[in-house]
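Notes to accompany the following structure.
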Amino acid sequence: MNFSSIEKFLKRKSVKFGLPFLLLVLGGSFGLREFTQLRYQFSRISKVNPDELKKHGIEMKKPGEVTLESEYEKIKNLDIDNWEQVRGPRPWEETSSQ
């Protein structure tokens, strides 16, 4: 094989477009396998335990305590027609100058 035959081989459409496509498909398959493996690897980690949270001072509400209807009742009584827009401090502004 000489240089011209290698050059002719590399200019074929099947080599020029087919090989990169196959590399993308096969490489993507292996890449996706690694990313999906992370999902199952970290799903084995234990969930939040309410007793542990109480030790740290965090209190969780019971599952039936917060419902869509109860939150709607809280929001229903708010006066949304009369409000004032207040600009919050920006990160670059000093809070000590107030």
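The values are calculated or read from the model by the stated rules, or taken from the named source; none is laboratory data. Predicted, not measured: the structure shown is a model, and the values here were computed from it. Ideal geometry is used to build each Cβ from the backbone, glycine not excepted, and the neighbour counts take in all protein chains shown.
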| field | Condition met for Ser96 (among the hydroxyl-bearing types (Ser, Thr, Tyr) and at pLDDT below 85) | value | yes
| query | Which one of these does Gln37 not meet: (1) assigned to a helix (DSSP H, G or I); (2) on the phi > 0 side of the Ramachandran plot? | reply | (2)
| field | Criterion violated by Lys54 - all others in (1) surrounded by 10 or more Cβ atoms within 10 Å (Cβ to Cβ); (2) at pLDDT 90 or above satisfied | value | (2)
